[in-house]
1. Please determine, by comparing only the residues of segment 63-76 that are without any contact (Cβ under 8 Å) to a residue 12 or more places away in the chain and in a helix (DSSP H, G or I), which one is surrounded by the most Cβ atoms within 10 Å (Cβ to Cβ).
2. Can you pull out the residues in segment 1-10 that are in a loop (DSSP other than H, G, I, E, B) and open to solvent by less than 80 Å² (accessible area, probe 1.4 Å)?
3. Might you check whether a residue that is surrounded by 10 or more Cβ atoms within 10 Å (Cβ to Cβ) and β-branched (Val, Ile, Thr) occurs anywhere in segment 11-18?
Amino acid sequence: FQEMGFWVAAAQGGNQAVGYSALDWKRPTVLIMGSEGRGVSELLLKRAEMQVQIPMYAALDSLNVGAATAVLLFEAARQRGLKPVSIE
C-alpha cells in the first residue's frame, strides 16, 4: 500500500500516538486495527507511519475494536466532507 501512495496508520494508544483528529484523513489511508486483547502486532506497528489513538475518559481503558473503528472512520468521513444520510 505504501508503494501505491497510501498512508499507513495503526490504532494504538501510548506516547507515540497522536489524537485521531490530528491525522489528515483526506489522504489515502490504510487503517490497521488490532485485536481486542493484544492490540496491533509489533511488526505492523513498525510498518505504520503513524500511530493514532482515541482519547479515553474516566475509567475507560479502551473501546472494543468495532466501536473504535466506527469512531475513526466517522472522523475520516467528517474530514473528507461526507454528509450523513438522513433516514426518514
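1. Phe74
2. The answer is Gly5, Phe6.
3. yes
Quick grid of which residues meet (1) surrounded by fewer than 13 Cβ atoms within 10 Å (Cβ to Cβ); (2) free of Cβ contacts under 8 Å to residues at least 40 places away in the same chain; (3) of a type in the set (Ser, Thr, Tyr):
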residue: Tyr20; (1), (2), (3): no, no, yes
residue: Thr29; (1), (2), (3): no, no, yes
residue: Met33; (1), (2), (3): no, yes, no
residue: Gly37; (1), (2), (3): yes, yes, no
residue: Glu42; (1), (2), (3): yes, yes, no
residue: Gln51; (1), (2), (3): no, no, no
residue: Gln79; (1), (2), (3): no, no, no
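The values are calculated or read from the model by the stated rules, or taken from the named source; none is laboratory data. Note that this is a predicted model, so its numbers are computed, not measured. All Cβ positions, glycine included, derive from the backbone under ideal geometry; neighbour counts span all protein chains shown. These area figures cover heavy atoms from the full protein model, side chains too; ligands, DNA and RNA do not enter into them. Shrake-Rupley method; radii C 1.70, N 1.55, O 1.52, S 1.80 Å.
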